[in-house]
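The structure appears below as structure tokens.
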Amino acid sequence: MSDDLGLFADTPDDGSGQREAARRAPRRRLVTVLAVVLGLAIIGGGAWYALHLFGGFGYDDYAGNGESDVVVQVEPGDSTSAIATRLAEHDVVASPKAFVKAGANNPKVTAIQPGYYLMKTKMSGAAAVQRITEPNAKVGSFEVRGGMQLDDTSDNAGKVYEGILAKISKASCTQQNGESTCVPAEELRAAMEKTNPKQLGVPDWALPSVAKAEPKRRLEGLIIPGIYYVKPGSSAEELLRDVLKISTERLQAAGIPGGAVDTGFTPYEVLTVASLVEKEAVTKDFAKVSRVTYNRLAINKKLEYDSTINYVLDKQHITTSDADRGRPGPYNSYLTTGLPPTPISAPSKDAINAAIKPTPGPWLFFVKCQKDGTTCFAETFEEQQANERKARANGAF
């Protein structure tokens, strides 16, 4: 090619190009060697990580069944590795892998439920797996059912039914290192009565009414049905605070306070209506009994619910006497107009929904007219009397 424009440098013909190429050859070989070494390092690092991840290397593990008692929490959504990490943090196992490896082929490990577990420090991975999957390892759980009260109740035969405070007390009990962690129901009651409700975790929408309530009844209805987990070893205040935190979240999911907006009543009043409905009817009739309640309140008519009488007597579903109904008090709905000062029971989600969305209707009366609890409704007193005769004939009461 012609280089009339001087675009190309002259190529020397004295052998200098060959010498330059010779000088560059060692550098190229060095770069090649470094690239190979780097590639092997990357491959080796990946292999090391894989071996580490899948158990190719050893791991720390204690020997034996453990030493001191310790309570460990499993939270909702925890994976096996998350549980293992928490156990290691509490020195139950020497390393997370000790637990993971020991439970790798145990289906019970993947079935571990949220809650608190009584374990021991310095357990082998195998011992920890065996312990946490035993039924008696789980501690601190209790269940609240619809219609339960804070205090114990009894029936005509004298049978006692545990109240919510008694259940919390029982759930608080374990033996840890030879000492009992039980918090008596009396301590829980004292904490409820003397501690600032806000410090206990009473939701803001309930605080004004709770502040005016009789101290021993101020948490009634605020602990709704469900399974609860409390940590044994906690104080009375801590136990109540933990329970109220969970219940407040459940109340919100059930529609309190948000669902009360269109009812014309405060969230606390709607909760109170729900508690009455829970005690007065079976589930299928909740929404109609709710309507009767609102209809009577609308015309300033006394509710006349036996459940309010039985509440202060700590009685189960029992027909009341003339003497009981004649005893004055804010919970006597035969003598006092309006809602009682507080809820009278733990209302279920169905009862809360019924209080938020009552069935449309003109009814002002109801009575259980079948042995299965089925309710008959009436608009007039004459219709109510007929339903009562029907109820007696059916042996409903």
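The values are calculated or read from the model by the stated rules, or taken from the named source; none is laboratory data. Note that this is a predicted model, so its numbers are computed, not measured. No Cβ is skipped: glycine too gets one built from the backbone with ideal geometry, and neighbour counts run over all protein chains shown.
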- helices (runs of 4 or more DSSP H) enclosed by the range 88-171 - at least 2 residues per element that are closer than 20 Å to Ser275 by Cα and modelled with pLDDT of 95 or more: 164-171
- Task: Quickly run through the range 69-125 and pick out the residues that are under 15 Å from Ala137 (Cβ atoms), surrounded by fewer than 17 Cβ atoms within 10 Å (Cβ to Cβ), of a type in the set (A, V, I, L, M, F, W, C) and over 19 Å from the mean Cα position of the chain (by Cα).
- Result: none
- Note on the structure: Exactly one of Lys170, Lys198, Lys159, Lys194 is without any contact (Cβ under 8 Å) to a residue 24 or more places away in the chain and under 21 Å from the mean Cα position of the chain (by Cα), and that residue is Lys198
- Query: Out of Ala346, Ala351, which single residue is of a type in the set (A, V, I, L, M), closer than 23 Å to Glu162 by Cβ and touching a Phe, Trp or Tyr at 6+ places or on another chain (Cβ under 8 Å)?
  - Reply: Ala351
- Looking for whichever is farther than 29 Å from Phe365 by Cα and modelled with pLDDT of 95 or more here; the options are Ser307, Ser290, Ser235. Which one fits? Ser235
- Of the residues Ser247, Ser234, which is touching a strand residue (DSSP E or B) at 6+ places or on another chain (Cβ under 8 Å) and not assigned by TED's automatic domain parsing to the domain that holds Pro358? Ser247
- Task: Give the range 173-191 a look and list any residue that's touching a residue at least 60 places away in the same chain (Cβ under 8 Å) and closer than 17 Å to Leu239 by Cβ, or say none.
- Result: Thr174, Gln176
- Restricting attention to the range 375-393, report how many residues are touching a residue at least 60 places away in the same chain (Cβ under 8 Å) and of a type in the set (S, T, N, Q). 1
- Query: Any residue in the range 289-301 that is touching an Asp or Glu at 6+ places or on another chain (Cβ under 7 Å), among the aliphatic types (A, V, I, L, M) and under 21 Å from Pro215 (Cβ atoms)?
  - Reply: no
- Give the range 294-343 a look and list any residue that's of a type in the set (Val, Ile, Thr), in contact (Cβ under 8 Å) with a residue 24 or more places away in the chain and under 29 Å from Leu165 (Cα atoms), or say none. Thr308, Ile309, Ile318, Thr319, Thr336, Thr342
- Note on the structure: Looking across the range 201-243 at residues that are among the aliphatic types (A, V, I, L, M) and in contact with an Asp or Glu (Cβ under 7 Å, 6 or more places away or on another chain), the single one that is surrounded by the fewest Cβ atoms within 10 Å (Cβ to Cβ) is Ile227
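Table: residues versus (1) outside any strand (DSSP E or B); (2) more than 18 Å from Phe142 (Cβ to Cβ); (3) out of contact with any Lys or Arg (no Cβ under 9 Å at 6 or more places or on another chain).
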| residue | (1), (2), (3) |
| --- | --- |
| Trp205 | yes, yes, yes |
| Tyr228 | no, no, no |
| Gly233 | yes, no, yes |
| Arg241 | yes, no, yes |
| Lys245 | yes, no, yes |
- Note on the structure: Within the range 339-379, residues polar (S, T, N, Q), under 21 Å from Arg145 (Cβ atoms) and more than 27 Å from the chain's Cα centre (by Cα) come out as Thr374, Thr375
